[in-house]
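Data first, discussion second: the structure below is written as structure tokens.
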Amino acid sequence: MKTALIAGGTSGVGLSIAKALLRKEYEVYLLGQNKPKGEAIEMLLNKSFSGNAHFIRVDLSNISEVKSFSKNFSEKHDKLDVLANVAGVMEETRKITKEGFEKTFAVGYLSAFVLATQLAPLLEKASHARIVNVAGVASFVFKAKLDFDDLTFSQNYSSFKTAITTIHAKTILTEILADKYASIGVDVNSFHPGAVRSNLMNNMGGWKGLLFRIVGKLMSQDSKTGIYASCSAELEGVTGKYLDKKKIIDLNFDNDYKQQLWDESEKLIRSVS
């Protein structure tokens with residue numbers, strides 16, 4: 001049986017991918033912080049999918065906890081076929097975690113970095129494994145710019161800009177990992193999820209939160225591109241790309257920029273036990 005791990009799998013994009021993989025008889029592990037919600041989702045999924053859904057409570061803003069989870073998961077499993085990094089938050093005001101990271105960046109990027117690097121040996125043991133990273137609208141994602149001197153976003157904080165910059169970093173990571181993992185047979189791609197109902201802006205108040213909740217009711221419950229990226233046989237051997245529907249775009253970030261992000265990421269991860 002194939003195995004999938006979905007960070008942020010209890011709602012929106014992640015949940016739609018989970019359902020698609022369960023239909024294909026994958027064993028699916030869902031990571032999230034809300035234990036009552038996660039266990040309820042697990043129960044509902046298992047009524048339809050023969051007990052193959054498993055919720056694991058992990059605070060993805062706590063990088064030490066993500067590292068511990070990765071170690072424990074690696075000890076209990078022989079392989080991993082799909083890693084989907086779709087978790088994300090958007091905070092109305094700047095929030096710093098106990099480890100000193102900006103929360104949006106920790107959840108959306110640093111947790112993905114840890115999972116993708118520490119679970120690489122399990123991915124290597126699978127046949128044609130893949131990592132898929134949620135992205136966003138290309139015009140925003142590709143034009144964003146990281147300030148390596150301020151990865152806690154202390155200057156002129158903007159919830160939208162921080163979220164876009166975080167997704168930008170994860171898209172750069174896609175290209176970096178695609179290069180690094182080509183030799184071990186792991187495909188790594190980013191995808192634009194489309195207009196999908198999600199909990200991304202649950203922490204937003206005022207008119208922004210209200211507008212998102214109203215518009216959300218009109219959105220799809222499924223991320224067709226996320227599902228396509230996660231399990232389509234057409235994409236076997238396709239790596240280092242950005243997917244928007246079935247349009248495939250090459251990633252081509254500056255090499256020095258990629259190396260700087262990698263070095264800074266390793267430094268940040270080493271700072272927590």
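The values are calculated or read from the model by the stated rules, or taken from the named source; none is laboratory data. All values reported here derive from a predicted model rather than from experimental measurement. With ideal geometry, Cβ positions are generated from the backbone for all residues, glycine too; neighbour counts draw on all protein chains shown.
Inclusion of Ser11 among residues that are in contact (Cβ under 8 Å) with a residue 60 or more places away in the chain, buried (at least 17 other Cβ atoms within 10 Å of the Cβ) and over 18 Å from Pro121 (Cα atoms) is warranted.
Entry remark, region 99-128: residues being free of Cβ contacts under 8 Å to residues at least 60 places away in the same chain, among the hydrophobic types (A, V, I, L, M, F, W, C) and more than 17 Å from Leu173 (Cα to Cα) number 1 in total. Mind telling me which of the residues Glu65, Glu92, Glu124, Glu75 ends up being under 16 Å from Thr152 (Cα atoms), over 15 Å from the mean Cα position of the chain (by Cα) and among the acidic types (Asp, Glu)? One residue alone meets the criteria, Glu92. Within region 60-71, the set of residues being out of contact with any strand residue (DSSP E or B) (no Cβ under 9 Å at 6 or more places or on another chain) and either surrounded by fewer than 15 Cβ atoms within 10 Å (Cβ to Cβ) or farther than 18 Å from Leu173 by Cβ (or both) comprises Asn62, Ser64, Glu65, Ser68, Lys71.
Number of residues in region 28-52 that are outside any helix (DSSP H, G or I), under 18 Å from the mean Cα position of the chain (by Cα) and of a type outside the set (S, T, N, Q) equals 5. Of the residues making up region 89-97, one or more are touching a helix residue (DSSP H, G or I) at 6+ places or on another chain (Cβ under 9 Å), in a loop (DSSP other than H, G, I, E, B), among the hydroxyl-bearing types (Ser, Thr, Tyr) and surrounded by fewer than 24 Cβ atoms within 10 Å (Cβ to Cβ). The residues of region 3-27 that are among the β-branched types (Val, Ile, Thr), part of a strand (DSSP E or B) and under 13 Å from the mean Cα position of the chain (by Cα) amount to a single one, Ile6.
Could you grab me the full set of residues in region 112-130 that are out of contact with any Gly (no Cβ under 8 Å at 6 or more places or on another chain) and either closer than 16 Å to Ser223 by Cα or part of a helix (DSSP H, G or I) (or both)? Correct list: Ala112, Phe113, Val114, Leu115, Ala116, Thr117, Gln118, Ala120, Pro121, Leu122, Leu123, Lys125.
Residues that are farther than 15 Å from His168 by Cα, part of a loop (DSSP other than H, G, I, E, B), touching a helix residue (DSSP H, G or I) at 6+ places or on another chain (Cβ under 8 Å) and touching a residue at least 24 places away in the same chain (Cβ under 8 Å) within region 232-251 comprise Thr239, Lys245, listed in sequence order. Could you say which residue among Ala182, Ala169 is farther than 15 Å from Asp254 by Cβ, among the aliphatic types (A, V, I, L, M) and not in a loop (DSSP other than H, G, I, E, B)? That would be Ala182, the only listed residue that is farther than 15 Å from Asp254 by Cβ, among the aliphatic types (A, V, I, L, M) and not in a loop (DSSP other than H, G, I, E, B).
At pLDDT 95 or above and under 27 Å from Ala229 (Cα atoms) - does that describe any residue in region 93-103? So far as region 93-103 goes, yes, one or more of its residues are at pLDDT 95 or above and under 27 Å from Ala229 (Cα atoms).
When the residues of region 17-55 are filtered to those that are of a type in the set (Ser, Thr, Tyr) and at pLDDT 95 or above, the one that is surrounded by the most Cβ atoms within 10 Å (Cβ to Cβ) is Tyr29.
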